[in-house]
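Everything below concerns the one structure shown next.
The values are calculated or read from the model by the stated rules, or taken from the named source; none is laboratory data. Being a predicted model, the structure only gives us computed values, none of them experimental. Here Cβ is always computed from backbone atoms with ideal geometry, including for glycine, and neighbour counts include all displayed protein chains. Heads up: the accessible areas ignore ligands, DNA and RNA and are worked out on the full protein's heavy atoms, side chains in. Shrake-Rupley method; radii C 1.70, N 1.55, O 1.52, S 1.80 Å.
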Amino acid sequence: KSCQTVKISTVETAAQSHTSRDAGVQTDQSKDAVQDFQPEVQVDYASLLAFLQRVEDAVIKELNKNWKSRAFDGFEVNWTDQNETVLCLHTLSYPEAQDQNLQVTSVSWNATGSVVACSYGRLDDGDWSTEKSYVCTWNLDRRGLNPQRPDLVVDVPSSVMCVAFHPSQPSLIAGGLFSGELVVWDTGRTEDPVIWRTGMTDDTHTDPVYQVNWLPDAKRRNHSRLLSVSTDGKILVWKEERDGRLALAEGFAIVAQQIPRSAQLKKFAWGEAAVGATSLSFSHFDPRVFVVGVEGGYSLKCSTAAETLALHRTGSSVPLRAPAELAFSPHGGPVYSVSCSPFHRQVLNLFLSCGTDGQVHVHSMLQPQPLLSLQLSKKYLFCVRWSPVRPLVFAAASGEGNCNKRLCLIGDVHLFDFEKSSRKPALSLKQAAGERPVYCLEFNTKQTRLLAAGDAAGTVRVWQLSSDFTEQGPREMNRLEQLASEITD
């Protein structure tokens, strides 16, 4: 009685029909459906066996013929895209160093091939021995790369003449200073990156250090030694000490007596004067053999196994040995750079040298006369490097480029390919405008299309090479041997 309306009646009407049935398929599945779509394959195994037995001899014969073929010697599969042009990927610089008119004296790639380092200093005349300088690194794989803001800047109280990344530890980098010292920095330590140094002792070089190399330590596994080259005539090998000190382990000295009298550009007292060493490269064929370029214009074949003592008195804590075994025909001035070929057959054992006469000499270590002399520049050549991936390719850094009425481009990177010509560069890259020579260059052994070059303007250009310069063709080693034999004949 409390409701004003009559009771509301409801009924469920979820389905329009009273009966329901499953209708998942529109057709009925036949019992033989699987057999219809996947019929059983009938194989005549007896006929197959008879066929294989019949062709076996012919197939084995062809496989043996292919196995003995040398048609694909030196060929490597390359899955990367073909690139037919050489591009400048990055132009790196540190504005503070450029404001001081500092020059890029050396470049180096780390063990991963993703980080490039450069040292700032001076290679021209001037009183700059106490001038502050820098070591800078850039990670080219990092997002948001700023070419004018290095990832790491190390302040150094003396000009840095050379740098070299550790071959297997990506964060370690060694540097040689104008003061004659060696320093090793750990780029992972931002507060105090110095972990080893020689300090100034009786063992320290008395002239600037122009090259540093990492060497494996035969006595201590997972350790390395440092080799340094200086114009004081000494080639020194340093070992790491626990107190952060680099101690002298062994050493060599290039003295006048080891060089032919005709090679001495200055009147040295016979056997008493050191001959300034400017560059060094180890043979990839024999780890005991290395080539040294000297200020007298000669390249010298040397050995770490030498036992003869150098004649001049050095006051060193270890006896210095005389390593030179053979003097090669000289350049017309000081040798600035040498580079041993990483591609070896004992018949060749080649190396390159360049210097102030603007020439590149292609040498075999088996004879004093050069196989080839190439006049690449009318001015100095500062650096030469053999390609790590192509036996017929090398690069050279010069102090002279091509001039026209509007602009004089000084400072080229010359790319030479013996496959195309044995007399002139295949390509010359314009690195810097004005009278700014290119001082240093390094191929990237991991990312083989990259080449870094540093110049007197304080910039490092990273070039991406075309596939012409990075993909080895079939029988390139045979072509190099043929070229060498044609020249000697």
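Taking 7 Å steps out from each Cα toward its Cβ at Asp151 and Ala305 produces label points 4.1 nm apart. In sequence order, segment 284-301 has phi-based couplings of 8, 8, 9, x, 7, 9, 9, 10, 10, x, 10, 5, x, x, 9, 9, 10, 7 Hz under the Karplus curve 6.51 cos²θ - 1.76 cosθ + 1.60, θ = phi - 60°, and Gly or Pro positions carry x. Cross-linked pairs Lys65/Lys446; Lys378/Lys420; Lys379/Lys424; Lys234/Lys424; Lys132/Lys239: Cα-Cα separations exceed 25 Å for Lys65/Lys446; Lys234/Lys424; Lys132/Lys239.
Give me the percent of accessible area attributable to carbon and sulfur for segment 87-486, probe 1.4 angstrom.
Of all accessible area on segment 87-486, carbon and sulfur atoms account for 46 percent.
Peptides 436-442, 372-378, 161-167, 139-145 ranked from most to least packed, by the mean per-residue count of other Cβ atoms within 10 Å: 436-442, 161-167, 372-378, 139-145. Surface exposure of segment 87-486, expressed per residue as accessible area with a 1.4 Å probe, stands at 42 Å². Put simply, the amide H of Ser341, placed in the peptide plane, has neighbours under 5 Å in Leu350, Phe351, Leu352, leaving out anything fewer than 5 places away on its chain. Close amide-amide hydrogen proximity is noted between Ser387 and Val393, Phe394, Ala395, each under 5 Å apart and 5 or more residues distant or on a separate chain (H modeled in the peptide plane; Pro and chain starts excluded).
Packing, as the average of other Cβ atoms within 10 Å across residues, places the peptides 46-59, 295-308 in the order 295-308, 46-59, highest first. For Leu427, nonlocal amide neighbours, meaning residues 5 or more places apart or on other chains whose placed amide H falls under 5 Å from its own, are Leu415.
Put simply, when 355-366, 93-104 are sorted by average Cβ atoms within 10 angstrom per residue, most first, you get 355-366, 93-104.
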